[in-house]
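The values are calculated or read from the model by the stated rules, or taken from the named source; none is laboratory data. Bear in mind the structure is a predicted one, so any value in this text is a computation, not a measurement. When we count neighbours, we look across all protein chains shown, and the Cβ atoms used for this are built from the backbone with ideal geometry, even at glycine.
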Amino acid sequence: MRALLTGGAIATALAALIVAVPATATPSSTVVVNEAYGGGGNTGAIYTNDFVELTNRGAAPVSLDGWSVQYHSSGTTGAWQVTPLSGSVAPGAFYLITEAKGGGGTTPLPTPQVTGTINMSGTAGTVALVNSTTALTCADSAACQAASTDLVGFGTAAISEGTPIAGASSTFSVQRTTAADTDVNSADFTAAEATPGAVNATGGGTGTGDPGPLRIHDIQGTTFVSPHDTEAVTNVPGIVTGIRTAGSKGFWIQDPTPDSNPATSEGVFVFTSSPGVAVGDNVLVSGTVKDFYPLSSGEALASTSKLSTTEINSPTTIVLSHSNALPAAEVITSTTVPDVYAPDLSGTSIEKTPITPDRSALDFWESREGMRVEVDDARVVGPTNSFGEQFVTTKPAQAATVRGGTEVTAENAIPSGRLKVVPADGSKPGVNVGDVLTGPTVGPVDYGDFGGYLIAATTVGARQNNNLAPISATAQTTKQLAVATYNVENLQPTDSDAKYQALAQGVVTHLASPDVVAIEEVQDNTGATDNGVVAADQTLTKLTNAIVAAGGPDYAWREIDPVNDKDGGQPGGNIRVVFLYNPSRVAFVDRGGSTVNRSTTGTQVIKSHGQPDVSLSPGRIDPANPVWTASRKPLVGEFLFRGQTVFVIANHLDSKLGDQNVDGRYQYPEQTSAVQRAGQAQVLHDFVQKLLDIDKKADVAVLGDMNDFQFSPSLASLRTGTADGSGPSILTDLISTLPANQQYTYVFNGVSQVLDHILVTKGAGAVQYEVVHINAEFTNQTSDHDPQVVRLTP
């Protein structure tokens, strides 16, 4: 197998290490032709001379005494021209042979090991490496390949290994790629700008071969930002431990000789679109140190809450040797990482503090940035997403859910065992929560584009499919009113039939055809096209038809079109909340007439015959209140079930977008969105209180995507009217009635959490409540939320 090899000039200090190989030895498979260039001195050329470059891809120096490089023109006739070789080539080093000089070009070649006089064609010919100085006499590819150690034909050459490589010119050489050798020149070589005495155009540059003054632990330092950020570094030594071929391309190196400081990492990422190295290469890397922040579109460096990755950018690389043993990966056990995910720094930046590996998970992983780690038999706590990310836990017993995930159970209590795994080759394992990556998952530690530390896995454990099954709810009895909530994730008419069918299956099979379904994120008839359209009848017709086709009821709907572009969400989509209801089981009470602008006019609680009513049904609650700016307005509906009035309030509160990153530098992170959600929750509480003031036994269900946790101030305000939950509770948050290991409706970045809620008043009577897990834990999702349903007995 032949591969692209890199290196610099042979250091004189290596001379004593040279192993002599007699001229009569068997042709070597360690020394190969790395680059051939016949355009030297031509019109338009940069270099003044033709050249041939060899490299030694073996583990020991090789003597070239008695060898030769030979050239043949593109036809089948004519003689081979010979340039005798002498001296030696070290492992990974270049051996440069200068050939004829032309009249053009401006740049002389680097100092060669040998000078010849062959005038090579710039576009077609054959170069052979021969373990003899006798001119070849062969005139066909098979005979010439057998007579040479290595052979490359380019252009229209009649003699080559397989088909010749095209593209040679006055500026382009033909040069070996990193791929395994196939004895087909067109596959093993590429045409690119000539790079005499340097790494091929697919990666790197030149160097002296001697280590520079800084090692990796000096560059990483004892702080989150490198003490050498923006500085140039020269010949940083390390072993290549992994290559990333997808996304932000490059390779990792690790120093096999670490220092004794546990806070300083021994690994670093080298950012380059053309790595030009192989795992196991012993290299020297020069370039510029850069702490890279993965900024999102429009995000400013000064305001980002993400952490950085220390990199070496614009690199030049020397390969000193190949096939070296990799530094041993640190095996991460259940006790390796601290139990605290992040320290409480009162909102200040962790970058202002020294790395303290035993303080928090953030510190621990920063002290290993770029280094090889290993997790064995890791349980999956977050399914494979579209970016090829999945999450595992290094602490299997920590906050474990009943189905294999890991929960957040309090504010700023991210499970510290949760860890992202991203295959370095861009593959997608397709795992679900509860599956296990059996055996070792190994790779360098990195920090993701969306935040959070991860293993850039060069080895991914085999999937053990634990066959996580979707949940199906129990159907309601004739005396029970089933009310559900389901965020359908930006549903629009152009979504695939498969999505509509899966949503319908979720409603019919898994939610058991509830009597009322509050649907969140229904977009208008033109989806994200921002054209002033706000009606959503086409979206809802397609959804209700799909439900009928799946064997469900013929749902009717009630909704209020928002004012264009005033309710947040995907620009142009005009998402809103909608009631679907089964008219054969429940009646919707329409109130308010057709002349009222329900988008901007709020519904009011009124007293009628001693009982609470609402002035508009469907109606919005206080839509002009600033707390609803750029956010969905809650939808109130009055329903009749078996002669009883039930008020249902559907919600989609302000999202967490804009909050600081929980995996980032500010700890604990600021949740700026919480202020608006708390105001929204207070408005909802006060509305429910008005209903209860008229009838303390009023049947009210408040449900939907609340975008906050069950223990959050927002939910406390909704239940009690106070952010600290000290007031009397008028609503029961049903998620909190479940066992602790079942309290989740959503999985984000490997953390099971609650965003969706159903809350009920005491008037709802005995209830049966279920979270229906059909999406969030699975790699194949219809929505990113799980629905839930309550069966009431009003």
Please go through the stretch 91-124 and give me each residue that is closer than 20 Å to VAL31 by Cβ, in contact with a Gly (Cβ under 7 Å, 6 or more places away or on another chain) and small (Gly, Ala, Ser), ordered by number.
GLY92, ALA93
Residue that is in contact (Cβ under 8 Å) with a residue 40 or more places away in the chain, outside the structural domain of GLY569 (by TED's automatic domain parsing) and of a type outside the set (Val, Ile, Thr), where the choices are ALA502, ALA473, ALA536
ALA473
Going residue by residue through the stretch 380-387, is there one that turns out to be outside the structural domain of VAL270 (by TED's automatic domain parsing), assigned to a strand (DSSP E or B) and more than 18 Å from VAL747 (Cα to Cα)?
no
Checking GLY569 against (1) surrounded by fewer than 18 Cβ atoms within 10 Å (Cβ to Cβ); (2) touching a residue at least 40 places away in the same chain (Cβ under 8 Å), only one condition comes out false. Which one?
(1)
Listed by range, strands (runs of 3 or more DSSP E) wholly within the stretch 534-630 having at least 3 residues that are at pLDDT 95 or above and hydrophobic (A, V, I, L, M, F, W, C) are 576-581, 587-589
Only one of these is more than 21 Å from LEU755 (Cα to Cα) and either aromatic (Phe, Trp, Tyr) or modelled with pLDDT under 95 (or both): GLY417, GLY426, GLY439, GLY430. Name it.
GLY426
Within the stretch 153-167, residues buried (at least 21 other Cβ atoms within 10 Å of the Cβ) and either over 25 Å from THR107 (Cα atoms) or at pLDDT below 95 (or both) come out as GLY153, ALA157, ILE159, SER160, GLU161, PRO164, ILE165
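Residue by residue, here is whether (1) in a loop (DSSP other than H, G, I, E, B); (2) modelled with pLDDT of 95 or more holds:
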| residue | (1), (2) |
| --- | --- |
| ARG632 | yes, yes |
| PHE639 | no, yes |
| THR645 | no, yes |
| ILE649 | no, yes |
| LEU657 | yes, no |
I need the full set of residues from the stretch 469-490 which are under 18 Å from GLN788 (Cα atoms) and part of a loop (DSSP other than H, G, I, E, B), in order please.
ALA469, PRO470, ILE471, SER472, ALA473, THR474, ALA475, GLN476, THR477, GLN480
For the stretch 288-299, state whether one or more residues are modelled with pLDDT of 90 or more, out of contact with any strand residue (DSSP E or B) (no Cβ under 9 Å at 6 or more places or on another chain) and not assigned by TED's automatic domain parsing to the domain that holds GLU369.
yes
Of the residues in the stretch 539-566, those that are in contact (Cβ under 8 Å) with a residue 40 or more places away in the chain, farther than 12 Å from VAL507 by Cβ and in contact with a Pro (Cβ under 8 Å, 6 or more places away or on another chain) come to THR539, LYS542, ARG558, GLU559, ILE560
For the subset of the stretch 264-288 comprising residues that are of a type in the set (S, T, N, Q) and in a strand (DSSP E or B), which member is farthest from ILE243 (Cα to Cα)?
THR288
Looking at LEU491, is it assigned by TED's automatic domain parsing to the domain that holds LEU755 and touching a Lys or Arg at 6+ places or on another chain (Cβ under 8 Å)?
yes
Could you count how many residues in the stretch 677-707 are under 18 Å from ARG632 (Cβ atoms) and touching a Pro at 6+ places or on another chain (Cβ under 9 Å)?
10
Kindly indicate which of ALA701, ALA716 is in a strand (DSSP E or B) and not assigned by TED's automatic domain parsing to the domain that holds THR348.
ALA701
For the stretch 161-176, name all the residues that are among the polar types (S, T, N, Q), within 18 Å of PHE51 (Cα to Cα) and touching a Ser or Thr at 6+ places or on another chain (Cβ under 7 Å).
SER169, SER170, GLN175
Failed condition for SER273, given (1) crowded, with 16+ Cβ neighbours inside 10 Å; (2) among the hydroxyl-bearing types (Ser, Thr, Tyr); (3) under 26 Å from the mean Cα position of the chain (by Cα), with all others met?
(1)
Restricting to the stretch 223-256, what's the tally of residues that are modelled with pLDDT under 95 and either in a loop (DSSP other than H, G, I, E, B) or of a type in the set (Asp, Glu) (or both)?
5
From the list ARG558, ARG585, ARG576, which one is surrounded by 14 or more Cβ atoms within 10 Å (Cβ to Cβ), in the same structural domain as ALA498 (by TED's automatic domain parsing) and touching a Phe, Trp or Tyr at 6+ places or on another chain (Cβ under 7 Å)?
ARG558
Only residues that are over 30 Å from ARG665 (Cα atoms) and under 27 Å from the mean Cα position of the chain (by Cα): list them for the stretch 451-487, please.
GLY461, ALA462, ARG463, GLN464, ASN465, ASN466, ASN467, LEU468, ALA469, PRO470, TYR486, ASN487
When you scan the stretch 504-523, do you find a residue that is of a type in the set (A, V, I, L, M), on the phi > 0 side of the Ramachandran plot and not in a strand (DSSP E or B), even just one?
yes
